[in-house]
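*Asks:* Input: one structure, supplied below.
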Ligand SMILES: [Zn+2]
């Protein structure tokens, strides 16, 4: 198999290693160091895709990030990836690439009929065509757009690859390893600065790899290699290729996307596929270079039309000819280098130069080599459907708007150059307002907003000498300020060709009666006429023109189209480009994979898992877990084929009848110490705390300043100036911040310290009528009688030799205790309890049974304390002191909080005593009322009352207790249920609270 | 991501902090009468300036201290940070 367009020697690829791959099923080969694009071009393949809107045949246009067309679906290393830029993806063995956006094939695409139905696809065609009739949307328009739009197909397989995030800090980040980037990095490294040099491409050097220059008598390529080798050997320098800095964020944080192993045939299990770097740089050098822009002409999207610098890069880097009969169409000198390169490889180019005949170093050289140069000439229209076959060219009159002569000449490729556009994306993202530089017809960075300095072509300096000088100077000065060391470096001698002035010419006129499509934005199929229509229809702001026509909105971010689009708008509007302005540049500069953004934070690593010290026991005993924040809590312990409902009923019933134990380690615990601790609690809680004796616990209610209940829990006075506070599992972190806020900011005069001890204590609740009997067995030497350890009492005692705390508190409404031991003793405590509890019928119970127990007792929890309720809404006004001040007190007097009809807590039971009421149901008077049916309240918590053996719910309802005895409907449209209910007291079981005191 | 200088720990990533609102709001004194207008202003009324704003942040994944940060709400530039007991001018 020969590669008809591969040169014999030229290029930086490794000809000793062949790599086989397929394209649209066809077996091909390339060499190590090829991109998919260079390998396909070497094989003479140019037709790689169909355009977005008109399904026109498209080929390669660029040789790197600027590529608008060649996006392929690529399968490699066992995964399938859409929209891969063929000009960037390196060839790997076994890779298989297919064209996108074409059916049934890229050669015969049914959608191409759109090309002949252009009148249906003018600017804004989505908005115009798919508006009416409304009924067409769902069945006709939407599926059509879905089929026609979009490019590749995302894989539905789970991504097995590994992605990583890395955080890095440096003195100087240099983005791009062209001449100015290398010089900056080198100078800064010599000053001892910590430097990161990032290069998007696999090879370092940027334009030094392709330009015919010499530095200190070395070729550009050799000089780049020398500098890179030296940088790599320095411990203060990190050099990264295949790494695109794609985003510039606040406070000089830049984000970089590194392609770690996509180019590797084999890699270790732990090598990530790609890596995201968050780099905090003290200073940033933006040496991102420039991108050649095209000249607009008829059918300028035909395969075989390239940017001239890309054609040169294919020859010099990959040893590949983009064609053997090239037309070079230019308005400046740089394309002459491409022509000379063709000539060097024995290919005869013809140069069409829009400028009038003149001379410059490059023009003279081309002339002397016998190259056919036609001044005042340009391409009017390219001929050929799937590949350029010939071109209609014209000799321009002096006005450059009409033709002196038109003829057709044969060619197999057209290399176009409309001068250079600095890559200012990162500068713009940093907040730099750009300024228009008339000399180069493009925007360059203006005043700095962050610590960023643009150098070289990115700053509009297009000569090597200037780029190197700026690079060395800025790299040295910026780093010297940080390291306070300045090493003198002599700027090397440079030999480069001098360019003449370019022609401010960007769009070829059309002869009368000819109307071929002239594309401005290839990827989104936006033509000159689309922009003209948008302006005729009254769109003026460039941002609106962009959105209406989709100019520059594709994944290439208009890298090759923005300035031509602006030129067009300013010509029609009779403005100058800076008046039209430019659209906003946003990250990412190039598309990055979702996997990289996510990094390692998937599956188990998505968030930390908090396990209690008894977790393993729960696991061994068939616990089914539920997430409570990061915690794993047993929801129920499954016996045999039990369902959740059956198991939780059994566990709750056992607590009511015998005794159960529950792992309550997850409750928030805060240690409070200091002489002013009592005063502090008195301000934090709504009830009185000044007189709580040592050795006693108290239930407390905490409000926000707006009067809404924030959290509840018990706090125990351990000693004179030492308290132990508990919070709900969910609010633990918020409560700690809340306490710290008041201690540090509002009342710094209070001498109190708070610290979280949640992780330090393992907790187990023992609840049920037999809990005291069980406790006495656990503490044989302790008097646990009602007198010695009454409700809300506290004792410290040894638990089989380990220190423990006993709190007589209850969430279940039964006689209950909570035992805390140090976390390390948690498992010991639990196992002892299981052993000792046997004779009392002890069973462990999970959160579901715990909920049942608290709901039928009317104890409120998260669903009732939902950020909307004040104490009186949930029957806790008894805990609100009238005598003292506390956080949120002043808000409780607000008018709306004191309206009689305010929604308050009640209990609900179904009339049939059988139907469970779904949580979230709305309470309405008439289930058949016309919508919107007036809502009287909602069901907050539901359970199956084990005490009464029927469903019971808590609800927050208008008029609260005044509704007791009345009947309503609880409707849940979500579950398609409507249940007739009766309002009862929220305290369904033991309303007097006798059991907890028994 | 902002880069915030904690007066206790030094420069740290925004990830380590949580935002706490306007630092110039003063809570009415405890145990003192307050008019409902003053109370409502304290609880609800906040300015939303474009430009310099002195605000509270808590170094939640660090020293847990609440700190003052003077930040430009439009550009995110941070001019000064201080302990809550110190003044920012
Ligand atoms: Zn700190």
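Any read-out appearing in this document is the output of simple, stated calculations on the displayed coordinates, not a laboratory observation. Computed from a predicted model, the values in this text were never measured in an experiment. Counting neighbours? That spans all protein chains shown, and the Cβs are built from the backbone with ideal geometry, glycine included.
*Asks:* Only Cα pairs under 8 Å and at least 6 apart count here; give the relative contact order of the range A:896-997 as a rounded whole percent.
*Replies:* 35
*Asks:* Given labels modelled 7 Å from the Cα in the Cβ direction, how far is it in nm from residue A:250 to residue A:79?
*Replies:* 3.1
*Asks:* Within 10 Å of each Cβ in A:736-746, how many Cβ atoms from other chains are there, averaged over the peptide?
*Replies:* 4
*Asks:* Is any residue of the range A:666-696 close enough, with backbone N under 16 Å, to a label point placed 7 angstrom from the Cα of residue A:797 along the Cα-Cβ axis, and if so, which?
*Replies:* A:695-696
*Asks:* Right, here's the next one. Note down, for the range A:781-911, the three equivalent ellipsoid semi-axes (square root of 5 times each alpha carbon gyration tensor eigenvalue), biggest first, whole angstrom.
*Replies:* Computed over the range A:781-911, the values are 37, 20, 13 Å.
*Asks:* Set the Förster radius R0 to 22 Å, insert the Cβ-Cβ distance between residue B:44 and residue A:877 as r into 1/(1 + (r/R0)^6), and round the FRET efficiency to 0.05.
*Replies:* The computed FRET efficiency comes out at 0.40.
*Asks:* To continue, here is another question. Using the Cα gyration tensor of the range A:294-418, with a ≥ b ≥ c the square roots of its eigenvalues, what is the shape: rounded (a/c below 1.5), prolate (a/b larger than b/c) or oblate (neither)?
*Replies:* Cα axes put the range A:294-418 in the oblate bin.
*Asks:* Could I ask something else about it? For peptide A:888-895, compute the average count of partner chain beta-carbon atoms within 10 Å of each residue's beta-carbon.
*Replies:* Averaged over the peptide's residues, the number is 3.
*Asks:* Could you sort A:775-788, A:46-59, A:207-220, A:171-184 so that the peptide with the highest average Cβ count within 10 Å comes first and the rest follow in order?
*Replies:* Put in order of decreasing packing, that is A:171-184, A:46-59, A:207-220, A:775-788.
*Asks:* Let me ask something else about it. Evaluate the relative contact order of chain B (contact order divided by residue number), counting alpha-carbon pairs under 8 angstrom at least 6 apart; express in whole percent.
*Replies:* RCO, chain B: 28 percent.
*Asks:* Additional query: Could you work out the percent of alpha carbon pairs in the range A:896-997 separated by over 20 Å, rounded to a whole number?
*Replies:* Everything past 20 Å amounts to 36 percent.
*Asks:* Could you put A:539, A:336 in order, starting from the residue whose Cβ has the fewest other Cβ atoms within 10 Å?
*Replies:* Listing A:539, A:336 from fewest to most nearby Cβ atoms yields A:539, A:336.
*Asks:* Ordered by packing density, taken as the mean number of other Cβ atoms within 10 Å over each peptide's residues, highest first, how do A:374-385, B:46-57 rank?
*Replies:* Sorting A:374-385, B:46-57 by mean packing, highest first, produces A:374-385, B:46-57.
*Asks:* Hey, any idea what the orientation-averaged projected area of the convex hull of the protein assembly as shown's Cα atoms comes to, in nm²?
*Replies:* Result: a mean projected hull area of 52.1 nm².
*Asks:* So what is the relative contact order of chain A, in percent, for Cα pairs below 8 Å that sit 6 or more residues apart?
*Replies:* Value for chain A: 9 percent.
*Asks:* Subtract the Cα-Cα distance of residue A:773 and residue A:949 from 0.36 nm times their separation in residues, and report this length gain in nm to one decimal.
*Replies:* 60.7 nm
*Asks:* May I ask what percent, to the nearest 5, of DSSP beta bridges between residues of chain A are antiparallel?
*Replies:* Antiparallel: roughly 75 percent of the beta bridges in chain A.
*Asks:* Given a Förster radius of 51 Å and the C-beta distance between residue A:447 and residue A:831 as r, what FRET efficiency does 1/(1 + (r/R0)^6) yield to the nearest 0.05?
*Replies:* 0.15
*Asks:* How much length would be gained if the chain were fully extended between residue A:155 and residue A:972, taking 0.36 nm per residue of separation minus their Cα-Cα distance, in nm to one decimal?
*Replies:* Gain in length upon complete extension: 290.4 nm.
*Asks:* Another one. Label residue A:696 and residue A:628 with points 7 Å out from Cα along Cα→Cβ: what is the distance between them in nm?
*Replies:* 2.8
*Asks:* For residue A:439 paired with residue A:385, estimate the spin-label separation in nm (one decimal), with each label point 7 Å from Cα along the Cα-to-Cβ line.
*Replies:* A separation of 4.9 nm, rounded to one decimal place.
*Asks:* First check a/c for the range A:553-707, with a ≥ b ≥ c the square roots of the eigenvalues of its C-alpha gyration tensor; if it is under 1.5, answer rounded, and if not, answer prolate when a/b is larger than b/c or oblate otherwise.
*Replies:* It comes out oblate by the Cα gyration axes.
*Asks:* Per residue of B:34-40, what is the mean number of Cβ atoms on other protein chains within 10 angstrom of that residue's Cβ?
*Replies:* That average works out to 3.
*Asks:* A further question on this structure: At a Förster radius of 25 Å, what calculated FRET efficiency corresponds to the Cβ-Cβ distance of residue A:839 and residue A:720, to the nearest 0.05?
*Replies:* 0.05
*Asks:* Follow-up question, since we're still on this one. Between the range B:44-89 and the range A:637-696, what is the C-alpha centre distance in whole Å?
*Replies:* So the two Cα centres are separated by 37 Å.
*Asks:* Moving on. Going by average Cβ density within 10 Å per residue, which order do the peptides A:637-645, A:405-413 take, highest to lowest?
*Replies:* By packing density, highest mean first, the sequence is A:405-413, A:637-645.
*Asks:* Please give the Cα centre distance for the range A:898-924 versus the range A:176-229, rounded to the nearest Å.
*Replies:* Spelled out, the Cα-based centre of one part sits 74 Å from the other.
*Asks:* Taking only Cα atoms, what is the 0 to 90° angle, nearest 10, from helix A:562-573's long axis to the longest principal axis of chain A?
*Replies:* 80
*Asks:* Continuing with this model, one more query. What is the gain in length, in nm to one decimal, between residue A:757 and residue A:573 on full extension, counting 0.36 nm per residue of separation less the C-alpha to C-alpha distance?
*Replies:* Full extension from residue A:757 to residue A:573 adds 59.3 nm.
*Asks:* List A:659, A:520 from most exposed to least, where exposure is judged by having the fewest other Cβ atoms within 10 Å.
*Replies:* Fewest to most other Cβ atoms nearby, the residues stand as A:659, A:520.
*Asks:* Based on the alpha-carbon gyration tensor of the range A:27-71 and its eigenvalue square roots a ≥ b ≥ c, which shape applies: rounded if a/c is under 1.5, prolate if not and a/b is larger than b/c, or oblate?
*Replies:* Oblate shape, in that a/c is at least 1.5 and b/c is the bigger or equal ratio.
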